[in-house]
Structure formats: structure tokens, C-alpha cells
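Throughout, read-outs are computed from the coordinates displayed, never taken from laboratory work. Quantities reported herein were computed from a predicted structural model and do not represent experimental measurements. All Cβ positions, even for glycine, are placed from backbone atoms using ideal geometry, and neighbour counts span all protein chains on display.
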Amino acid sequence: MTQANKAEIGRIKEISRNIPGWLPDAQGEFLYNAAKNCRGKGVIVEIGSWKGKSTIWLAKGSKEGSNTKIYSIDPHTGSSDHKKSGVVWTFEEFKENIKRAGVEDIVVPIVKTSEDAAQDWARKPIELLLIDGAHEYEMVKLDFDLWSPYLIEGGIIAFHDTIRWPGPKRVVKDEIYISHNFANVAFIGSLTYAQKVRENSLVQRLRNRWVLFLKDACELVVSLRLPEPVINLGTRVVRFIQ
């Protein structure tokens, strides 16, 4: 990583630090680099943006790459202190955070549920897809079924909270790790990602199963509540052998 990139990552960390959310810096850096590596063959779509932490990482990366638009889909009726018309409302905070980060020109907010947004989607191809919406199995599976068909061959799909959340965990196991249509599966903490392919090879399928074993082992370690230095060491080892 160049000094310029390190400085940019540092600035994004500062920006995102005060934005509520559950996205560790390491996962944010992955999103930044994944967006930066997009080549304009499709757009970037995130399902679930809440107050914009992940959106900013994606948008900053895109600006360093091909300036691919980010379509940020969220009904913005999640948890917040601001209320509108009797329901909890987060869109104003999202817009403020995006503007403060200087990325409002590259972000297209879609204030709808994933299902409603898919009905109006103009069949734009997707180069990077992040699924981080409702975590119930049926909803995660629906997000995958609705949006993954638009993911181009060679495109990247990522799911958040795939450790300790039964819904995302089950979907990535069934649809990513043991699928014939994804290769180069890996994970950073609870974030699982993979590359879409026409059909993966036997070697790639075996590798995917190996990474699934590592992911399950990591989840077991977390559940044992071992000392943080031990967990950090284990995390570094897993990243090296994936």
C-alpha cells in the first residue's frame, strides 16, 4: 500500500469513526478496495446502508477507481433517534453523513425495501454487490435471489454478519460456499465474499469447503470467549492461510 493510500484509508477511518454501525475498519478497507477495483462493467449495489458507514467506504474506493456509481438501497426505517410520521427514520442522517464525506455525487440513494427496489431495477449489470439488509434467513435469501442474477461474471458478492447470525450464515453456506457458481471465497471477520464464475472447478470447490471449515472454526473460537490477543493472533493466521 502506498503512502497516499495509507493516508486516504486513515482519513476514511476518521470520517466513519463517528458514524454508528457495525463495520470494523478491516471490513471497510475490503469494501474500499473492492470498489476501487471495479472497472465500470457494472454498478455497485448495497442492500442495507443504515447511516452510511459502508456506503462511504464503497464510494471513497470507487472515486479512487473508475467512479462507478453506488446504488444504496434501504427503506431507512431502522433504529434511530429521529422519527418521522410515527416510524423510525434514518434517511436524513444518511444524507448528512454522505455529504460530510464528500461522496454525495457518486451515491444514488434508493429509499425502498430491497424487494420494491428490485421491481423497479432497470436491469443494470452489477459489478459489486453487498448484502447487509434484514438478517432473517428468508430475507437474506430473497435479497440473494433478487439481486445476484444481475451480478456479472467476475463480479464480487459480499455478505455481512455471516458469523453468529443464522440467516446470513445459512445463505452463504448454501449459495456461496457449496455453490458451483462462486470461486475465491474468503472472509474477514463476519464478512464473507466471493467471485461469481460460470462454473467453478473441482479445486475451487474444495478450496471453498476449506474456507468454510476455517470460518466455522473461527466462529467456535469467538464463542469460547478466549482472550483478545489469542483471537487477534488466530485472525492473522486465518487471513494468511485462506
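With 10 angstrom as the radius, rank R11, R207 by how many other C-beta atoms surround their C-beta, starting from the fewest. Numbers along the way, then the final one.
Working: R11 12, R207 17.
By the 10 Å Cβ count, ascending, the order reads R11, R207.
Over its Cα atoms, what ratio of radius of gyration to 2.2 N^0.38 Å does the chain give? Could the numbers behind the result be given before it?
Numbers: Rg = 17.5 Å, N = 242, 2.2 N^0.38 = 17.7 Å.
Taking the Cα Rg and dividing by 2.2 N^0.38 Å, one obtains 0.99.
Over every pair of different alpha-carbon atoms in region 6-77, take the mean of 1/r and invert it; report that Kirkwood radius in Å.
That comes to 12.2 Å for region 6-77.
Quick one: Karplus J couplings for region 55-69, per residue in order, coefficients 6.51, -1.76, 1.60, θ = phi - 60°, nearest Hz, x for Gly and Pro?
In residue order, the calculated couplings are 4, 5, 4, 5, 5, 4, x, 4, 5, 7, x, 9, 6, 5, 5 Hz.
Hey, any idea what Rg/Rh is for region 160-230, computing Rh the Kirkwood way over Cα pairs?
Value, to two decimals: 1.01.
Can you sort E104, E127 by how many other beta carbons sit within 10 Å, fewest first? Don't jump to the answer; show the numbers that get you there.
On the way: E104 15, E127 25.
Exposure proxy ranking, most exposed first: E104, E127.
If amide hydrogens are placed 1.01 Å from N in the peptide plane, which non-local residues have theirs closer than 5 Å to the one on G155?
Close amide H contacts, sequence-distant or interchain: K196.
Hey, got the dipole for the chain? About the Cα centre, +1 on K and R Cβ, -1 on D and E Cβ, debye to the nearest 20? Write down the numbers at each step before the final one.
On the way: 34 positive and 30 negative charges, 136 e Å.
With only Lys, Arg, Asp and Glu charged at Cβ, the dipole is about 660 debye.
Charges on Cβ only, +1 for Lys and Arg, -1 for Asp and Glu, centred on the Cα centroid of the chain; of L212, P75, A117, which one is farthest towards the dipole's positive end?
Of L212, P75, A117, it is L212.
For region 3-160, give the share of DSSP beta bridges that are antiparallel, in percent and rounded to the nearest 5; count only bridges with both residues there.
Expressed as a percentage, antiparallel bridges in region 3-160 total about 10.
How large is ³J(HN,Hα), in whole Hz, for each residue of region 37-42 in order, when computed from phi with the Karplus curve 6.51 cos²θ - 1.76 cosθ + 1.60 and θ = phi - 60°, using x for Gly and Pro?
Computed from phi, the couplings for region 37-42 are 7, 5, 10, x, 7, x Hz.
So who's got an amide H within less than 5 Å of the one on I126, skipping anything under 5 residues away but keeping other chains? H placed 1.01 Å off N, in plane.
V43, L151, I152
On alpha carbon coordinates alone, what is the Rg over Rh value for region 101-171, Rh being the Kirkwood radius? Walk me through the intermediate numbers first.
Values: Rg = 13.0 Å, Rh = 13.2 Å.
With Rg and the Kirkwood Rh in hand, the quotient comes to 0.98.
Quick one: which residues, 5+ away or cross-chain, put their amide H under 5 Å from the amide H of F182? H built at 1.01 Å from N.
V197, N200
Residue by residue through region 194-209, which ³J(HN,Hα) values in whole Hz follow from phi under the Karplus form 6.51 cos²θ - 1.76 cosθ + 1.60 (θ = phi - 60°), with glycine and proline marked x?
Karplus-based 3J(HN,Hα) across region 194-209 equals 7, 10, 6, 10, 5, 7, 7, 7, 4, 4, 5, 5, 5, 5, 4, 5 Hz.
Using just the helices of the chain, give the 222 nm mean residue ellipticity in deg cm²/dmol: DSSP H runs with n ≥ 4 each add -39,500 (n - 2.57), and the total is spread over all residues, rounded to 500.
Estimated from H runs of four or more residues: -14000 deg cm²/dmol.
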